[in-house]
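Quick notes on the structure that follows.
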Amino acid sequence: MTDILLLTPPFVQPNCPYPATAYLSGYLRRKGYNVVQADLSIETLCKIFSREFVSDLFDNYDGEGDDNCNRMWALRKDYIETIDTVITFLQSKDPTIASLICSPEFLPQASRFEQMVDAEEYFGTLGSKDCAEYLATLYLQDLSDFIRATVCPEFEVVKYAESISLAIAEFSTIEQELQRPRNAIENIMCDLLRGYIETTHPRAVGITVPFPGNLLGALRIGQYLKANYPEVKVIMGGGYPSTELRSMTDVEIFRYVDYVVLDDGELALERILEGGSLLHTYTAEGYTEGEGTISHRERGCPDFDGLPHSLYFSLTEVTNPMHRLWSDGRWNKMMLAHGCYWAKCAFCDTTLNYIGCYDTISASELVDYMEQVAAQTGSRGFHFVDEAAPPKLLKELSLELLRRGVRFSWWTNIRFEKSYTGDLCALMARAGCVAVSGGLEVASDRLLGLIGKGVTIEQATIAMRNFYYAGIMVHTYLMYGFPTETLQESIDAAEVVRQMFRAELIGSAFWHRYAMTVHSRSGQHPEEFGVRRKDRLPNPFANNEVPFAENRGYSLDMVGEGLNLSLANWLVGSGLDKPVHKWFAQKVPATTVIPSLITDHLIKPDGCRIYNDKARIVWIGGTPELSDEGVVIHTPSGTKEIKLAEEEAEFMYAIIEQCADLGETFTFEDIRLLWEENFERPFIEFYSSKKWDIARKFGLLQI
């Protein structure tokens, strides 16, 4: 008998496993429990996008749809004959089919293709695989439209019934949906579930609900288990209950589950399985806070064993190379650290465990984990899903990866702080970092100060510049509608973003509309931000977003439409010279931001050029060799040379050799003392020379 079956319900991104069950599996298996994990999200999707389901889809069509549905029904033979081929291609099982997918008569085309970009412009003649992935994504979006029109209006590839699950005051709201007969999608999920129950015979089933778009699927699982396997204990946890259900008094959910776990689930699940005292867990009898925590080290390495790695498939919803990372590629999702090392932003849920309790492990342990996970999944790509990765840890991680000589591709979330010097960014890039995402939020120095972001536009610009020069793509999260933000500040924020795109500092971005949450500083102390929380009692079921009143004086909907329209153009390199106020449907003021704001910041000096005796020096360049004219550097891309006099060449060769040993720490003080043993003139003269700049360019970094 299996101790617990851990499930990811429909739907999350289909290109890689969501990591919650992998972390729980790793911890519980190390504790000796027999754990099976399954991804019902990807398995259900692959059943939906199959010849059998698509054939039934068209066979059951009653002809009552719109023109787009009727066109697709007329092309049903083409959809039935191509669906398995398309999914096989997107799963990277048959890349040779790319050219065929790109041919004009292979894929049936419905309304999604009407907004198609010029494929030749974006992909050229050599990007057939990327082009095919983009076309195949449009094809699946067309099929998704047909499914919504004929089977389930709440179906989306990356979420399920999200609109039903948002802001549920009482459980009866979603229970109305549960009382309806299951649709074809839910039947597929339950058939898959029955197979797992019959083969594993679990004592308990744990369901992760990271987002509102997983709630209905999770409750359908609980409903099915209660009706057919009442002896199996049903446990629900994850991001959604941890943020939305903390003050729950409505017990109706316990007709579908036995336990609702908040915050980290490892120790709470262990307590349930061993029959011990409960930990931050709801039952029908009420809430038990309990006592006990585990460290991030005790949480350990995620264990992806048992997940269907061959089923995950990539999508290209947009052509922007940075934006597509979320849906394209088999990224292993991991956490460098638990919580956020900053945890001061007023809009963020800093009072909750997943933000406020910061804890990490060593870089050596992290690389051990990466090697274990890569061996399990067959993928050498990693997405570190931290709230904000600590720059010190990223430095140590990069050094450890280079020291071991292991090659991985990775990206992560960061804060645009001054620690990201040009040399640190170059180190990260050399260690495999391909992209970062970070919050510029309101793009206003006044508002950045108000929310406690801890960065300025100048600081963010310099960090972005350093990432750009290192070849690391940058995405930024943006926010509008924060309390006290004026219309002028909204327009000025758009201008700051336009200038950043114009300077190629950022490759992609996304505007979020501010939402005040009950677990944030702005939600708990709204008066500090010039607004008034509307008085009301907590909902009996879900509580997250806080209603508030303010005297804004302009339409946030209008602002949001203009910001999103302009951004959609900037993402594809269009309209970057158009004045920002012209993107808005109503008359708005012109920007007050000077045209050279960002370019003025770009020419400011970088922190890695400030001499510091205690700074560590590392060499990440190629293999050095003394020559008649100086030091030759052999790199994979060619041979480079630093021209130096004989004694200077010997000195440079010596420090490169020592700094190349990343297992040892070599500082500027060590270099200076070595210089003073061999030369009478001060070291600062050599450090300030063009020769040193060339060595830096080739890989001699100050970190």
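The values are calculated or read from the model by the stated rules, or taken from the named source; none is laboratory data. Note that the coordinates shown come from a computational prediction; the quantities given were computed from them, not determined experimentally. A quick note on method: Cβ atoms are made from the backbone with ideal geometry, for glycine too, and the neighbour counts reach across all protein chains shown.
Details
- Inter-residue pairs, beta-carbon under 9 Å, first in the same structural domain as LEU447 (by TED's automatic domain parsing) and in a loop (DSSP other than H, G, I, E, B) and in region 516-530, second buried (at least 19 other Cβ atoms within 10 Å of the Cβ) and of a type in the set (Asp, Glu), 6+ apart: VAL518/ASP349; HIS519/ASP349; SER520/ASP349
- Output for region 162-214, where each listed residue is under 28 Å from the mean Cα position of the chain (by Cα), small (Gly, Ala, Ser) and more than 28 Å from ARG271 (Cβ to Cβ): SER163, ALA167, GLY213
- Residue list for region 219-239, restricted to those being among the small types (Gly, Ala, Ser) and touching a Leu at 6+ places or on another chain (Cβ under 8 Å): GLY237
- Any hit, region 627-635, residues being assigned to a loop (DSSP other than H, G, I, E, B) and over 31 Å from the mean Cα position of the chain (by Cα): yes
- Qualifying residue in region 516-533 (condition: closer than 18 Å to VAL593 by Cα, crowded, with 18+ Cβ neighbours inside 10 Å and under 24 Å from the mean Cα position of the chain (by Cα)): no
- Contact annotation: residue pairs with Cβ atoms under 6 Å, 6 or more positions apart or on different chains, pairing a residue in region 242-257 that is surrounded by fewer than 20 Cβ atoms within 10 Å (Cβ to Cβ) with a partner that is among the hydrophobic types (A, V, I, L, M, F, W, C), are ASP250/PHE171; ASP250/PHE541; VAL251/ALA284; GLU252/PHE171; PHE254/ALA284.
- Residue count for region 601-626, restricted to those that are in contact with a helix residue (DSSP H, G or I) (Cβ under 9 Å, 6 or more places away or on another chain) and assigned to a strand (DSSP E or B): 7.
- Of all residues in region 85-99, those satisfying the criterion of being surrounded by 15 or more Cβ atoms within 10 Å (Cβ to Cβ) and of a type outside the set (Gly, Ala, Ser) are THR85, VAL86, ILE87, PHE89, LEU90, GLN91, ILE97.
- Only residues that are in contact with a Leu (Cβ under 9 Å, 6 or more places away or on another chain) and outside any helix (DSSP H, G or I) were counted across region 472-498, and they come to 13.
- Meets criteria (in contact (Cβ under 8 Å) with a residue 12 or more places away in the chain, among the aliphatic types (A, V, I, L, M), crowded, with 19+ Cβ neighbours inside 10 Å and under 19 Å from LEU427 (Cα atoms)) for VAL618: yes
Conditions tested, residue by residue: (1) free of Cβ contacts under 8 Å to residues at least 60 places away in the same chain; (2) of a type in the set (Gly, Ala, Ser); (3) surrounded by fewer than 20 Cβ atoms within 10 Å (Cβ to Cβ); (4) out of contact with any Lys or Arg (no Cβ under 7 Å at 6 or more places or on another chain).
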position	(1), (2), (3), (4)
HIS280	yes, no, no, yes
GLY286	yes, yes, yes, yes
GLY290	yes, yes, yes, yes
LEU307	no, no, no, yes
SER314	no, yes, no, yes
LEU325	no, no, no, yes
ASP328	no, no, no, yes
ASN332	no, no, no, yes
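- If you go through region 569-592 and pick out every residue that is surrounded by fewer than 14 Cβ atoms within 10 Å (Cβ to Cβ), farther than 15 Å from GLN499 by Cα and either in contact with a helix residue (DSSP H, G or I) (Cβ under 7 Å, 6 or more places away or on another chain) or among the hydroxyl-bearing types (Ser, Thr, Tyr) (or both), you end up with 3.
- Filter pass, LEU5 being more than 30 Å from ILE272 (Cα to Cα) and among the hydrophobic types (A, V, I, L, M, F, W, C): no
- Test: ALA460 is on the phi > 0 side of the Ramachandran plot, crowded, with 23+ Cβ neighbours inside 10 Å and modelled with pLDDT of 95 or more: no
- Residue, surrounded by the most Cβ atoms within 10 Å (Cβ to Cβ), within region 387-414, restricted to residues that are out of contact with any Cys (no Cβ under 9 Å at 6 or more places or on another chain) and within 18 Å of ARG465 (Cβ to Cβ): ILE414
- No other residue among THR200, THR173 is modelled with pLDDT of 95 or more and in contact with a strand residue (DSSP E or B) (Cβ under 7 Å, 6 or more places away or on another chain) apart from THR200.
- Taking first residues from region 210-225 that are within 20 Å of LEU166 (Cβ to Cβ) and in contact (Cβ under 8 Å) with a residue 24 or more places away in the chain and partners that are surrounded by fewer than 24 Cβ atoms within 10 Å (Cβ to Cβ) and among the hydroxyl-bearing types (Ser, Thr, Tyr), the Cβ contacts under 8 Å between residues at least 6 apart in sequence or on separate chains come to PRO210/TYR18; PRO210/TYR240; PHE211/TYR240; PRO212/TYR240; ASN214/TYR240; LEU215/TYR240; LEU219/TYR256; GLY222/TYR256.
- Test result for LEU673, closer than 27 Å to SER398 by Cβ, over 44 Å from the mean Cα position of the chain (by Cα) and not in a strand (DSSP E or B): yes
- Flag if GLU186 is closer than 23 Å to VAL157 by Cα, acidic (Asp, Glu) and surrounded by fewer than 17 Cβ atoms within 10 Å (Cβ to Cβ): no
- Residue within region 59-75 that is within 30 Å of CYS301 (Cβ to Cβ) and either touching a strand residue (DSSP E or B) at 6+ places or on another chain (Cβ under 8 Å) or crowded, with 23+ Cβ neighbours inside 10 Å (or both) present: no
- Wholly enclosed strands (runs of 3 or more DSSP E) of region 339-453 bearing at least 3 residues outside the structural domain of ARG246 (by TED's automatic domain parsing) and of a type in the set (A, V, I, L, M, F, W, C): 409-414, 433-441
- Filtered by the rule that a residue be among the basic types (Lys, Arg) and buried (at least 16 other Cβ atoms within 10 Å of the Cβ), region 32-58 gives a lone residue, LYS47.
- Within region 322-355, tally of residues that are more than 17 Å from the chain's Cα centre (by Cα) and either at pLDDT below 95 or of a type in the set (S, T, N, Q) (or both): 3
- For region 157-209, the set of residues classified as of a type in the set (Ser, Thr, Tyr), under 25 Å from LEU273 (Cα atoms) and touching a residue at least 12 places away in the same chain (Cβ under 8 Å) consists of TYR196, THR200, THR208, listed by residue number.
- Of the set (1) surrounded by fewer than 13 Cβ atoms within 10 Å (Cβ to Cβ); (2) in a loop (DSSP other than H, G, I, E, B), all apply to LEU662 but (1).
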